[in-house]
Amino acid sequence: MKYLLLAYHHEKKWDSMSQSEKDKAVSGCHELDAQLEKAGYLHAGGSLAHTKDTVSVRPRNGKPLVTDGPYVETKEQLGGFVIIEAKDLNEAIQVASRHPAALLNEELGWGVELRPFEFFKQA
Amino acid sequence: MSGGDARTVEATVDAVYRSDARRVLATLIRLLGDFDLAEEALHEAFRAALEQWPGEGVPRNPRAWLVSAGRFKAIDAIRRRARFDAAAAELAERLRESTSESAPGEGESVEDDRLRLVFICCHPALSPDAQVALTLREVCGLTTEEIAHAFLTPAPTLAQRIVRAKAKIRDARIPYQIPEQAELPERLDAVLRVIYLVFNEGYTASSGGSLVRGDLSEEAIRLGRLLHELLPEPEAAGLLALMLLHESRRTARTTPDGDLVLLDEQDRSLWDRARIAEGAALVETALKSRRFGPYTLQAAIAAVHAEAPDAAATDWAQIVGLYDVLARADPSPVVELNRAVAVAMRDGPAAGLPLIDALFARGELGEYPLAHSARADLCRRLGMTPGARASYERALELTRQEPERRFLERRLRELPLR
């Protein structure tokens, strides 16, 4: 089964930090990511750009309306995602528990949400 | 070592996964002392097999190879992870203390590991719900989603139940071992209860639209077989027999539309004779041991039913006798109810009715729909229509099963108007 891991963080807190503080906060991520990769559950993944670089498109009066900013304004914003293949939800939880956002920077609102999904069927 | 092209090797790895993955997992849990770590190690071991076997050939003893590969990779992984993860750090420390344990390849000790796994999944420190979930996932290899679906539970709820159960085993340091002789009867009881719970959930869904969820029953029978094979105790044989004998009537107990057919109205030619023969033989062995208990007695009752060509020819005297023994071995209001119904079959409904009314008068089974429908049935046979109507209606209020509801409504419609 496939699961989408969505990694969240508190963006305003992040913005208020100095570069050296940020470097320190993410210093463990690289190694954890590498360990995750090595375990062989990963399909794909990546880090997301800041919400200030985000654009949303939604229908207004039957036409797509383009606005800047994320779809929902919340304290915690999506910062990264990973697609994994696991036997079941519990194995996926085990994998998610080793993601940097499940282990590091509690005070920066890090956390992982786990959503089962399937790719659209190829026509 | 023997070579082979990649496709053949892949098929071999698949076959080994199906036949041996649960055994390898059971041994890895013992060696690593942690469920999650063992599961990851299992995953890694099979991945390594897919990478290495095409080049190096399939090892002579694949299971031993997988255990050793999994163990090596897990220890490696846990040491690397210890820097970030407090739980991993503790685990690494514990593994350092117990490094030089040997990994058994085959034979008895591997089967012991499977038995250890059954016992730890059914450990009394875990809630009954957690015991069932853990057993189905770790011993039977069902996925969380499959178990959630079978028990009509949201998958996240079930997943958390499993996470918490594993955490409890880890934090309470519940030992991964087969119970000592003195402790065995009680611990075995817990295992039997879990298996029977799974069976009943499949046989009679406690709620919802379908009376039969056969996959769970099949899984329970597989578990029962495994337990009986690993631990040939009389009650393990008794439970397996009981499940086989119930299961033998599966096709006869519902109509094609999913309606309930009572035992006395079932088409006995639909009963599965092979299962009956296997069940009856197991009952006999268990009874001979003289150390049998409630499961064997219930199986013996089911076997008497199975031997009768029709309901009227059933040896009701023997069934009442077996219920008498059961009521002493494992007293419960439900056993008394079943005994009352058997007495009604042996001596007529007028003999059974006061026994059921006495149960109600003691405040027992008032909320149990089958007690009311049994009473209604006796009243109906005695021509006591108002009493039958009141009891069917009470049963109807209490039942949560769709097929049972339809059955009771049909019985109500069939009652004479006055």
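For region B:30-57, what are the residues that are more than 12 Å from chain A (Cβ to nearest Cβ) and open to solvent by 30 Å² or more (accessible area, probe 1.4 Å)?
B:R30, B:G33, B:Q52, B:P54, B:G55, B:E56
Give region A:62-106 a look and list any residue that's away from every other protein chain (no Cβ under 13 Å) and free of Cβ contacts under 8 Å to residues at least 12 places away in the same chain, or say none.
In the first step, residues of region A:62-106 are kept if they are away from every other protein chain (no Cβ under 13 Å); the result is A:62-83.
The answer is A:G62, A:K63, A:P64, A:L65, A:V66, A:V72, A:E73, A:T74.
Can you find a residue that is touching a residue at least 12 places away in the same chain (Cβ under 8 Å), part of a helix (DSSP H, G or I), of a type outside the set (S, T, Y) and within 19 Å of A:N90 (Cα to Cα) anywhere in region B:45-54? Before you say what the answer is, go through the steps one by one.
First pass over region B:45-54, keeping only residues touching a residue at least 12 places away in the same chain (Cβ under 8 Å): B:45-46, B:48-50, B:53-54.
So of that shortlist, the ones also part of a helix (DSSP H, G or I) come out as B:45-46, B:48-50, B:53-54.
Now narrow it down to the ones that are of a type outside the set (S, T, Y): B:45-46, B:48-50, B:53-54.
Add one more test, that the residue is within 19 Å of A:N90 (Cα to Cα), and what stays is B:45-46.
Checked against the condition, which is being touching a residue at least 12 places away in the same chain (Cβ under 8 Å), part of a helix (DSSP H, G or I), of a type outside the set (S, T, Y) and within 19 Å of A:N90 (Cα to Cα), region B:45-54 yields at least one hit.
Just to be sure I understand, how many residues within region B:58-79 are among the basic types (K, R) and crowded, with 17+ Cβ neighbours inside 10 Å?
Filtering region B:58-79 for residues among the basic types (K, R) gives B:60, B:63, B:71, B:73, B:79.
Checking the rest, the ones that are also crowded, with 17+ Cβ neighbours inside 10 Å come to B:63, B:71, B:73.
Result for region B:58-79: 3.
Can you pull out the strands (runs of 3 or more DSSP E) entirely within region A:26-84 that have at least 1 residues that are closer than 24 Å to B:I78 by Cα? Full working, then the answer.
Values: elements: A:42-47, A:55-60, A:63-68.
Filter on region A:26-84 gives A:42-47.
Can you pull out the residues in region A:30-73 that are open to solvent by less than 70 Å² (accessible area, probe 1.4 Å) and among the β-branched types (V, I, T)?
Result: A:T51, A:T54, A:T67.
Only one of B:T12, B:T27 is open to solvent by less than 70 Å² (accessible area, probe 1.4 Å) and touching a strand residue (DSSP E or B) at 6+ places or on another chain (Cβ under 7 Å). Can you tell me which? It would help to see each step written out before you state the result.
On the way: B:T27 fails: touching a strand residue (DSSP E or B) at 6+ places or on another chain (Cβ under 7 Å).
Unique residue meeting the criteria: B:T12.
Of the residues B:L136, B:L192, B:L158, which is within 26 Å of B:L91 (Cα to Cα), within 17 Å of the chain's Cα centre (by Cα), at pLDDT 90 or above and among the aliphatic types (A, V, I, L, M)? It would help to see each step written out before you state the result.
On the way: B:L192 fails: within 26 Å of B:L91 (Cα to Cα); B:L158 fails: within 17 Å of the chain's Cα centre (by Cα).
None of the others qualify; the one that does is B:L136.
The values are calculated or read from the model by the stated rules, or taken from the named source; none is laboratory data. Quantities reported herein were computed from a predicted structural model and do not represent experimental measurements. So basically every Cβ, Gly included, is an ideal-geometry build from the backbone, and we count neighbours across all protein chains shown. What goes into the accessible areas is simple: the full protein's heavy atoms, side chains included, and nothing from ligands, DNA or RNA. Shrake-Rupley method; radii C 1.70, N 1.55, O 1.52, S 1.80 Å.
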